[in-house]
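Since the structure comes first, as structure tokens, the remarks are kept for the end.
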Protein chains: 2
Amino acid sequence: MRNVQQKLAIARGEKPAELFFKNARLVNVLSGEIHPADVAVEDGRVIGFGDYAANTVIDLKGAYLAPSLIDGHFHVESSLLTAPEFARAVVPHGTGAVVIDPHEYANVLGLDGIRYVLESTKNLAVDFFIMLPSCVPATTLETSGARLTADDLKLMISDERIAGVAELMNYPGVFLGMESELAKIEAGKGKAIDGHAPGLRGKNLNAYVLAGVRSDHESTELEEAREKLRLGMHILLREGSTERNLAHLLPLINTHNAGNCSFATDDKLPDDLAHEGHIDHCVRKVIAAGVPPITALQIATINAARHYRLRNFGAVAPRFWADFVVFDDLKNFVARQVYKKGILVAENGKYMAKSPEATHLPRSTMNLRYDATKDFTVRAKGASQIKVIAIIPDQIVTKQLIETPKVEHDEIVADTARDTLKLVVVERHRATGKVGVGFVRGFKLKNGALASSVAHDAHNVVVVGTNDADIICAIQRLEKLQGGLVAVAGGDVKAELGLPIAGLVSDKPLSEVIKHMADLNAAAHALGSDLAAPFMTLSFLSLSPIPELKLTDQGLIDAVHLKQTDLFV
Amino acid sequence: MRNVQQKLAIARGEKPAELFFKNARLVNVLSGEIHPADVAVEDGRVIGFGDYAANTVIDLKGAYLAPSLIDGHFHVESSLLTAPEFARAVVPHGTGAVVIDPHEYANVLGLDGIRYVLESTKNLAVDFFIMLPSCVPATTLETSGARLTADDLKLMISDERIAGVAELMNYPGVFLGMESELAKIEAGKGKAIDGHAPGLRGKNLNAYVLAGVRSDHESTELEEAREKLRLGMHILLREGSTERNLAHLLPLINTHNAGNCSFATDDKLPDDLAHEGHIDHCVRKVIAAGVPPITALQIATINAARHYRLRNFGAVAPRFWADFVVFDDLKNFVARQVYKKGILVAENGKYMAKSPEATHLPRSTMNLRYDATKDFTVRAKGASQIKVIAIIPDQIVTKQLIETPKVEHDEIVADTARDTLKLVVVERHRATGKVGVGFVRGFKLKNGALASSVAHDAHNVVVVGTNDADIICAIQRLEKLQGGLVAVAGGDVKAELGLPIAGLVSDKPLSEVIKHMADLNAAAHALGSDLAAPFMTLSFLSLSPIPELKLTDQGLIDAVHLKQTDLFV
């Protein structure tokens, strides 16, 4: 232990401490009370409570001092931000640690993606703990950039910042006892094993839990969450950009069981993080709904730290990191100051942490091969009816429609009059030349095209458009950007955001990303769309495990029976 | 995983389970509620809740079903029983697991003692988890049978039944940063680190916690316990045979912090275990005092399981061992049935578990060397005053008195008129020939002698007597018994209990041990003593770290300044 003698001497009061926070009202999540305290800090850690001499004294004048907040489950790629820029977004909201599942990086880059995440998340004003993605690829019905087996997970599991195995989305595989899935659970033995089992109940849920899964963040109904809690699952109360389950699940929480709950955001967009907030938003929401503040802050701190075994995180007491939030109003939690390991990193919403050294970026991942003269053309072949993907606004499930297509020169083309637009997916990891083409209703574009290299879960290029020229223009622009989001019309780029890091994440600062996202949405709306988040909707149209009809690089997918299906009826 | 596919199939309901407990009112310590449940069990584990087919159906008819109880800190040697007989005492009271510190075995036998404990505690109706003793020997002021360093602890720490490092009684050594003590904490990294810090408060307590100590069971005052809880220590609420802190500490517990508390007995005699009870007694006591039953049962089960990381213990849910207590009255918790891994092991107070195979006993430990003709004689040397140890009833601290001795033939002798009896300690581990002789007030024997090979913490032979002949007779009898407790008078053995296992523990059944203990106490009382537990009082007269005046094989000990002191003033 470095300097342990020095720290013990300071704790005993024989030498002055570095820092002394006096006159705090300490939110003590360990003793479950708020009590007056003076807190000494040395070398980034809490040393003790009491009257200490110190080099720097910070008089809190009766303000509340709480441990920094923890997000129990988050995909950092959903913010479109690098880890340092994500920190810029959430640290002013009081976040001190996040447990992330780099599922998207892993689908594109495999273990190299996880290694990049480990590197790029070091020494920031928020600590990152990483769950090893368990479902790469999500299915064999689309072409991903990598494949991870239990043996791959074992290569990395012992790293101290690896907190366990991430959400086992292949829940039938788990409860049916597929050896590949059980081996992933076994690989994480002694660490956390996260679940993902939307709607799973009864005996199959019993089997899922028995197999070793210890958490769930997918409950949308109260009774579903209650059943999971009774079976011993840690319940992550999710409140993200689109999945907002907190209000529904709130009646679950009482002081006898709150210890088995944490907050999570899962997926949250950069402007939502910056403006609505992060875990602080969850804290405000549950306190406003009547949960005792001490319970709300336990859920936001120590509970996740214990479940994921985040050593020395989640409380203010000797040995814990001096990760503090100072705030003034227990009923309306707003971080006034945020400290990371004793250093002031945000004040009044302003981020103050030093920028870290740049991380070496991962290799290029945009490797497309297509023949623009014919790959996107659909010959009518005299067919009378085709399957069309119908978007359901604000949901990731779709419906299958049967339509008579619009045909020109023996080609099936987009029909803006009926809002039947062309949808194209181009494999982009290994230049396989695989291209899927289908049709989609719901975007309401009157002209132009929208394209994205974010397309769950394999993250191929997905494009929706009213004409092939703009579709091709959008794809070419994404290649130039090395991934990203783009809106084009008449051959012109109307708005764009480059995502050169794995085709998933921007290398730009938070404020620019927010601005470009706003521009992209405005451009999509100007082209005719009335979707709230047209690029997010687009990014879910390849997600083959989610019913009912999807499109991947392997073609149209019957996502109910999990098999390819023909465009023509 | 053995049979995992089989268990998953049963959980899915595709095959019948071994056992099905229907119509339970389940005390669900995970969801913090009591709810109706039907519970399927296979291969000793809970498989799931719901309607299952099973080979054997047990209709609980609305009775309560709770997880079996856990003692968070216990010295099994204090029961004077082997592990199987200890199980016979506590299993009918609903105990399913104990976390033990084999401190006494280790002081006598070192690592061999811990290995014996690991062997002799296997496959019983109560599961044993073992903390590695951290203070062997307790001091250098008495001669113990062994010495354990951090390197010794490292040899055993990774065993899955080793839960961590036991109570760090040398708390000044810890907070002052002695390398030997910090190395023991380091040896237990990743496992539990138990504390023992009676009365420690303020900055030195901060340092003790900072060094890595995570629990305490020595708080006797409410504010002391509150301070420790605030600093993040797990609080073991102790209720043993003599140390009874539960009533004092009760106001500490609330539903916001109960998760950081467990019950413990520390030391409890066999008749108290059999008749008053074990952790069930704690549950009854706190419920009677107004603690919600669900909270009381969480403290008695899952809290200790989590703190000590007792995998699959402490709750009723899939994957957990089917360790159940069935009971009928929430306000007066009395175990009607107790199950261990699905097997009925006690019913209506009757123990029903099969006897395990006998364990190979450890080597003989009674190796005495003394000259009966002179070692116990105290020459008066013309001195006018001597130091006398004064017992304080029901406490382990003593006072030092200054007395004019009774002298006969230039020898200082016992003086029954003033209750100044002779006290002798003979080293018994390595036949060093070390003998300490002193005088003690408080036993009130009018004739005869009492002797014990249980003498904390080095467990040499300690004898109190009115005359040398009976003292010698008692020692000789203990040698013959290979350790034990004995009351003699006029050269006759009046009562005895052989403790041939390390000189600490009986090889006899529970009922015989209880009977012999009663006989011993009756004999001591017949000889004149009015102490409630004269042999326990005797066993603490060598405990050199406890003030004020003690006697070891190295002579009279000034236990305030921790040094030898002369009998003569």
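Set the Förster distance to 60 Å, then compute FRET efficiency between B:E33 and A:S364 from the Cβ-Cβ distance, nearest 0.05. Can you show the working numbers first?
Details: r = 54 Å, r/R0 = 0.90.
With R0 = 60 Å, the Cβ-Cβ based efficiency is 0.65.
Estimated from the Cβ-Cβ distance and a Förster radius of 56 angstrom, the FRET efficiency linking A:D410 and A:A183 is about 0.65. A simple spin-label model places the labels of A:A518 and B:E512 8.7 nm from each other, with each point 7 Å out along Cα-to-Cβ. Gyration tensor over the Cα atoms of the stretch B:243-361: the corresponding equivalent ellipsoid has semi-axes (square roots of 5 times the eigenvalues, largest first) of 24, 18, 16 Å.
The mean count of C-beta atoms from other chains within 10 Å of the C-beta of residues in B:43-52, rounded to a whole number, is 4.
Peptide A:11-23 has a mean shielding of 2, counted as Cβ atoms of other protein chains within 10 Å of each residue's Cβ.
Inter-chain Cβ neighbour count for A:30-36, averaged per residue, equals 6 (cutoff 10 Å, partner chain atoms only).
Near A:G32: Cβ cut-off under 15 Å, other residues only, Lys/Arg at +1 and Asp/Glu at -1. The net charge is +3.
What does the C-alpha gyration tensor say about the overall shape of the protein assembly as shown? Classify as rounded when a/c is under 1.5, otherwise prolate if a/b is larger than b/c, or oblate.
Values: a/c = 3.03, a/b = 2.17, b/c = 1.40.
Prolate, since a/c reaches 1.5 and a/b exceeds b/c.
Separation of the stretch A:75-105 from the stretch B:124-143 is 46 Å, based on Cα centroids. Relative contact order of chain B: 14 percent, from C-alpha pairs under 8 Å at least 6 residues apart in sequence.
With Kirkwood's inverse mean 1/r over C-alpha pairs for Rh, give me the Rg to Rh ratio of the stretch B:209-313, two decimals please. Mind dumping the intermediate values first?
On the way: Rg = 13.2 Å, Rh = 13.9 Å.
For the stretch B:209-313, the value is 0.95.
For chain B, the ratio of Cα radius of gyration to the globular rule of thumb 2.2 N^0.38 Å stands at 1.01. Short-range pairs are left out: with C-alpha atoms under 8 Å and at least six residues apart, the relative contact order of the stretch A:392-443 is 28 percent.
Rounded to the nearest 20 debye, what is the charge dipole size of the stretch A:168-257 about its Cα centre when +1 sits on each Lys and Arg Cβ and -1 on each Asp and Glu Cβ? Walk me through the intermediate numbers first.
Working: 11 positive and 12 negative charges, 48 e Å.
Charge dipole, the stretch A:168-257, about its Cα centre: 220 debye, nearest 20.
Taking a ≥ b ≥ c as the square roots of the eigenvalues of the Cα gyration tensor of the stretch B:6-83, is the shape rounded (a/c under 1.5), prolate (a/b larger than b/c) or oblate? Note, shape of the stretch B:6-83 comes out prolate. On a 26 Å Cα-Cα criterion, which of the cross-link pairs A:K434/A:K480; A:K406/A:K515; B:K340/B:K515; B:K184/B:K387; A:K387/A:K494; A:K15/B:K154 come out too long? Result: A:K406/A:K515; B:K340/B:K515; B:K184/B:K387; A:K387/A:K494; A:K15/B:K154 exceed 26 Å.
Cross-link partners of B:K61 among lysines, defined as those whose alpha carbon lies under 18 angstrom from its own and excluding same-chain residues fewer than eight positions apart: B:K22. How big is the gap, in Å, between the Cα center of the stretch B:146-162 and the Cα center of the stretch A:207-269? First find each Cα centre; the distance between them is then 39 Å. When you count the other C-beta atoms within 10 angstrom of each residue and take the mean per peptide, A:288-295, B:179-186 line up highest first as B:179-186, A:288-295. The stretch between A:A532 and A:V569 holds 10.2 nm of extra length on full extension. This uses 0.36 nm per residue minus the Cα-Cα distance. Is the shape of the stretch B:346-482 rounded, prolate or oblate, going by the alpha carbon gyration tensor and its root eigenvalues a ≥ b ≥ c, with a/c under 1.5 for rounded and a/b larger than b/c for prolate? Since a/c reaches 1.5 and a/b is larger than b/c, the shape of the stretch B:346-482 is classed as prolate. Axis between A and B by rotation; chain A residue with nearest Cβ and distance in whole Å recorded as A:T255, 2.
Between A:D329 and A:I392, what FRET efficiency follows from the Cβ-Cβ distance if R0 is 35 Å, with the result rounded to 0.05? Let's see the in-between values first.
Details: r = 40 Å, r/R0 = 1.13.
Working from the Cβ atoms, E equals 0.30.
The alpha carbon centroids of the stretch B:463-523 and the stretch A:386-449 are separated by 92 Å.
None of the figures in this text is laboratory data; all of them are computed from the coordinates on show. Values in this document were obtained by computation on a predicted structure and should not be read as measured data. For neighbour counting, all protein chains shown are included, and Cβ atoms are generated from backbone atoms with ideal geometry for every residue, glycine included.
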